[in-house]
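Reviewing the structure listed below.
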Amino acid sequence: MFFYLIRRILYAIPIALAVGLVCFMLVQIAPGDPINAIVPADAPAEVVEQVRRDYGLDKPLPVQFALWLGRVVQGDLGRSLATGRPVTADLRSAVGNTLMLALVAAFIGFAMGSILGTIAAVFRGSVLDKLAVGLAAAGVSIPHYWLGMVLVVFFSVTLNWLPAMGAGPGGSGAWEWNWANMQFLVLPAVTLSVIPMGIVTRTVRGVVMELLAQDFVTTLRGKGLRRGGIALHVLKNAASSVLAVMGLQLGYLMGGSILVETVFSWPGTGFLLNSAIFQRDLPVLQGTILVLAIFFVVLNLAVDLVQTALDPRIRRA
Amino acid sequence: MNEPLVHVRDLHVRFVSRDATVHAVNGVSFDLAERESLCILGESGSGKSVTLRALMALNPPRRTKLSGTVRVGGHDIIAASERKMADIRGSTVSMIFQEPMTALDPVFTIGRQIAETVMRHEDVSRAAAEARALELLELVQIPSAKRRLAAYPHELSGGLRQRAMIAIALSCRPKLLLADEPTTALDATVQIQILLLLRRLQQEMGMGVIFVTHDLGVAGEIADRVAVMYAGKFIEEGPVRGLMRNPLHPYAQGLLGATVHAGMRGERLTTIPGAPPNLERVPQGCAFAPRCPHMREECLPKVPDSRSPVPGHAARCVLVPDAMSQAA
Amino acid sequence: MSTAITPAAIAVPQPAPARSRGYWAGVARRLSRDPVTLFFGAVLLLMALAILFAPLLAPHDPYQTSMIRRLRPIWFQDGRYPLGTDELGRDMLTRLLYGGRLSWFLGIAPVLIAFAIGGTLGVVAGFAGGWVNMLIMRTTDVFYAFPSVLLAVAISGALGPGISNAMLSLTLVFIPQIIRVAESTTTSVRNLDYVESARASGAGPLTIVRVHILPNVLGPIFVYSTSLISVSMILASGLSFLGLGTKPPEPEWGLMLNTLRTAIYTQPLIAMLPGVCIFVTSMCFNMVSDGLRTAMDVRG
């Protein structure tokens, strides 16, 4: 098991490097001179040349990549073309906001999905099952940015219950866990939760259904265990695969919140990305995507490790 | 008041789904005394496993329709609530299954799975339950039992897994042990060991045992009595020796590959042509008639009554002489 | 022991050996008895026809703007504008009909291209094994390290707006996903007994692929790909919504949703319409794909 862990951790390193390479290449595939990703287009020619030499952009691509990687590892993601501030400074608060939004959305989606999926599996074929399956299908089919607009129309415009956009009175910097701030979180989090809700419902339904049909459940009934006792066994058996899906979904929420953040003007990474795209601010684009992707890699690693801890059968590998 | 351990009368089990109704068991009656062992023989699909599971109401709850009388250890199984059944299962009656790999929960240790059963039925501490688990593993002769308590099912061999399964079944000293093809999934040498173990445990613990198998060797090894099942009915029932040596029903004869006795011209039956009937409809007459070499017209209109040429041995076949009517 | 997890939402259909004519007849029979799938299929067909014959059905010119009749309500001028007008005074029904063309195209085309490329690479990886498999699958892993929305936004964002850039990025998102399914399906078919026996009896690799592998893996890969169409539509509209896909004044549902955003306070009903179209289409594709998978799954 120890060796499995080491191997799994070591395997994440080349993946992380390759992710870095893809992010590096983003600037290369962008139309125009990559130097435009570092200096504003209206900079004087000698400044451009100076920067080109400083950043090693006159060297071959592999060398450039190594230089870039060296800066990234030291926490230097370059400076924003639009604001001139270091990308990391903007990213720090944005990542925090996105993480908060994603965690709340994940909590809603995972809780709803687990409940719906379990009900659907236990009452297989019933009206409740069909309802849950229908909800799950709607959850994964709905354009959630549109759902966000619908919710805004309903809860903000018509009912005037909840704010339509922003992250609270103090802006992005002064978040507190009180209603004045949290009411801003409700609509984006609910909007973002429909996809994981749908996927987790389907997953839990499938896994629990499969488990309930297994011989060992008959053994458990044969031992005289009641529903609660059997549920404990099913839960522990289901945990590893359901958690794996949940981990992936949390990653998708982090990376996929761009549309919802745009709809609600939520000051997170997605919002940052959107303005970067709009202003063609390549350093911000590159840095944000790199951070989110690395987060996803680490999350995947964590999910694998948790899975290994939960399922004794994997440890043999 | 001297009630037998198991009392079954006219048991019917149907599985109802949207597409079809399967009549799996069609009127089974038998009794089992305490400490007695019965073996139910039959092909797959004959309803033998379903009968066994009906004794502890273990068939899929929503699809299964039960009727008739089933009493086990004085409890009315058919009328019992699921809650009451949960109390009976594991304490009065327990079961071991064919495939120990899938019948054990893969993510719980063996020790935990035994201790959990003990704690469910007896008011004991976790420590006491785990001590009992160790005793049970030693009882079923698992080597280095202490270490195996912490093992997961996939870490054990098939034979050891089946021993662990037996330990779980015996953990609350049931009066009745049901075994659904307990040796079929095991290697031949391991099969014998498990059978010997089961026989010894039955004698030591004074349990009634009902076995289901399609393996004649198993039947001869453990059973006091044997019942042969076909299309959801007991077509023949008798003491193990009498039935094995002198089967009465043509199906039982075919199953045992036996030489047919006097009055049947000594023809040899080694295989039975044809296939068992589709149980989506209940056969009107003798279900074996379409495959029977001795089929007569009287076999078709109604199911033959049970006839008993010698006490304790009976078969549902028109060819069998009935000692009672002959005497009259 | 494998720890790879496929989310249930995209559960991989398991191949069954010997797909014969009888098998496909069975699939058709099961589909014909599945009213839910038939219903959603019928809705899709109707939408497809409406979009195809947009020039005949649309009451107005999709590009004809008007300063005076902007954001008029539904059934404006006694039905001359049945679904009202948009923020530039164009007829909504017309825009929706024409917009469906691009939205459907962006939903289907990337999946089809990815099916061809990813399917081929996956079958090759699964059949060849060894270092070829290593190379293809490890590259796939890298793209799997990005959440799909993020990858699409990253590539589109770097390349800049435009339909072809959006298509390129979506195709790149789906290729690795299809490769994974194709590879695992091919590997499991390759290890089936009858393929082993074909190999043992001296059949060449090309013959084995053509006769034994392809007929058995194409179905599952195709079904999986159809489940991606709904994702592709939502992603494509999402890119347009961010200003990365279609450029104005081209009608496209996602872009329409974006430009109508300012109208949600004044004409919320009209502002919602393009989203309804995306939702209904994507839901239909999802349900049909589900039904198809159930019908093709022998175990189910």
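The numbers here are math on the coordinates, done by the rules we state, and not lab data. What you see is a predicted model, and the numbers here were worked out from it, not measured in a lab. In this analysis, Cβ positions are derived from the backbone assuming ideal geometry, glycine residues included, and neighbour counts consider all displayed protein chains.
Structural descriptor for chain B: relative contact order 20 percent, calculated from alpha carbon pairs under 8 angstrom and at least 6 residues apart. Taking the charge dipole of chain A about its Cα centre, with +1 at Lys and Arg Cβ atoms and -1 at Asp and Glu Cβ atoms, the residue from A:Leu299, A:Gln28, A:Ser93 reaching farthest to the positive side is A:Leu299.
Backbone amide hydrogens, once placed in the peptide plane, bring B:His75 within less than 5 Å of nothing, excluding anything fewer than 5 places away on its chain. Under 5 Å from the amide H of B:Val226 lie the amide H atoms of B:Cys39, B:Gly238, B:Val240, each residue being 5 or more positions distant or on a separate chain, with H modelled from the backbone and absent for Pro and chain starts. Converting phi to 3J(HN,Hα) with the Karplus coefficients 6.51, -1.76 and 1.60 and the offset θ = phi - 60°, the range B:173-179 yields 6, x, 7, 10, 10, 9, 10 Hz in sequence order, with x at every glycine or proline.
Membrane-span-like helices in chain A, defined here as complete DSSP H runs extending at least 27 Å along the helix axis by their C-alpha atoms with mean Kyte-Doolittle hydropathy no lower than -1.0, are A:2-29, A:87-122, A:179-212, A:227-256, A:282-310; this is a sequence and geometry rule, not a statement about a membrane. Dipole orientation for the protein assembly as shown: of the candidates C:Pro161, B:Pro153, B:Val72, B:Val72 has the Cα lying most toward the positive pole (charges on Cβ; Lys, Arg +1; Asp, Glu -1). When chain C is treated as a Gaussian network with alpha carbon springs shorter than 10 Å, the biggest mean-square fluctuation among C:Val43, C:Val173, C:Val111 belongs to C:Val43. Put in order of Cβ neighbour count within 10 Å, fewest first, the listed residues B:Thr64, A:Thr158, B:Thr69, A:Thr219 become A:Thr158, B:Thr69, B:Thr64, A:Thr219. For a test of the definition: using alpha carbon positions, the gyration tensor, and the 1.5 limit on a/c, classify the range B:125-224 as rounded, prolate or oblate. It comes out oblate by the Cα gyration axes.
With a Cα cut-off of under 30 Å and a minimum spacing of 8 residues unless on different chains, the lysine pairs in the protein assembly as shown number 25. For a modelled paramagnetic label at A:Asp58, 7 Å from Cα along Cα-to-Cβ, the residues of the range A:3-46 in reach, with backbone nitrogen under 14 Å, are A:46.
Among B:Phe211, B:Phe15, sorting on how many other beta-carbon atoms sit within 10 Å of each Cβ, with the fewest leading, yields B:Phe15, B:Phe211. In order along the range C:174-184, the phi-based Karplus estimate (6.51 cos²θ - 1.76 cosθ + 1.60, θ = phi - 60°) of 3J(HN,Hα) comes to 7, 3, x, 5, 5, 4, 4, 5, 4, 5, 5 Hz; Gly and Pro are listed as x.
Dipole of chain C computed with +1 at Lys/Arg Cβ and -1 at Asp/Glu Cβ about the Cα centre; of C:Ser197, C:Ile179, C:Leu242, farthest Cα towards the positive end is C:Ser197. Per-residue ellipticity at 222 nm computed for chain B from its helices equals -9000 deg cm²/dmol, with DSSP H segments shorter than 4 residues left out and the rest contributing -39,500 (n - 2.57).
Distance distribution P(r), chain C, all Cα-Cα pairs, bin width 20 angstrom from 0: 30, 50, 18, 2 percent. For the pair the range B:273-303 / the range C:80-100, the C-alpha centres are spaced 72 Å from each other. Placing dummy labels 7 Å off each Cα toward the beta-carbon, the span from A:Phe123 to B:Gln203 is 5.4 nm. Of the residues A:Phe184, A:Phe278, A:Phe264, the one that moves most in a GNM of chain A with alpha-carbon contacts below 10 Å is A:Phe278. Taking the Cα centre of the range C:62-221 as reference, the dipole from Cβ charges on Lys and Arg (+1) and Asp and Glu (-1) amounts to some 400 debye. A helix-only calculation puts chain A at -24500 deg cm²/dmol for mean residue ellipticity at 222 nm, using -39500 (n - 2.57) for each DSSP H run of at least four residues, averaged over all residues. Once you order the gyration tensor axes a ≥ b ≥ c over the Cα atoms, which shape class does the range B:145-204 get: rounded for a/c under 1.5, otherwise prolate or oblate by comparing a/b with b/c? It is oblate, given that a/c is not under 1.5 and a/b is not larger than b/c. Using the Cβ-Cβ distance between B:Arg83 and B:Glu297 with R0 set to 45 Å, the FRET efficiency from 1/(1 + (r/R0)^6) comes to roughly 0.30.
By the beta-carbon count within 10 Å of each Cβ, the least crowded to most crowded order of B:Cys172, A:Cys23, fewest first, is B:Cys172, A:Cys23. Residues whose amide H falls under 5 Å from that of B:Arg307, counting only those 5 or more places apart or on a different chain, are B:Ala315, B:Arg316, B:Cys317, with hydrogens built in the peptide plane. Springs join every pair of Cα atoms under 10 Å in this Gaussian network model of chain B, and among B:Met101, B:Met165, B:Met229 the largest mean-square fluctuation is at B:Met101. Pairing the Cα long axis of helix C:21-32 with the longest principal axis of chain C, what angle in degrees results, from 0 to 90 and rounded to the nearest 10? Between the helix axis and the principal axis of chain C, the angle is about 30 degrees. Mean projection of the Cα convex hull over all viewing directions, computed for chain A: 20.9 nm². The distance between label points at B:Asp224 and C:Glu196 comes to 4.8 nm (points 7 Å beyond Cα on the Cα→Cβ vector). Modelled label positions at A:Ile6 and C:Phe53, each set 7 Å beyond Cα in the direction of Cβ, lie 7.0 nm from each other. Judged by the ratio a/c of the largest to the smallest principal axis of the C-alpha gyration tensor, the range A:112-163 counts as prolate, that ratio being 1.5 or greater while a/b is larger than b/c. Give me the percent relative contact order of chain C, please, defined on Cα pairs under 8 angstrom at least 6 residues apart. For chain C, the relative contact order is 26 percent. Its Cα centre serving as origin, the protein assembly as shown has a Cβ charge dipole (Lys and Arg +1, Asp and Glu -1) of approximately 1100 debye. Calculated mean residue ellipticity, 222 nm, chain C: -22500 deg cm²/dmol, from DSSP H runs (n ≥ 4) at -39500 (n - 2.57) each, averaged per residue and rounded to 500.
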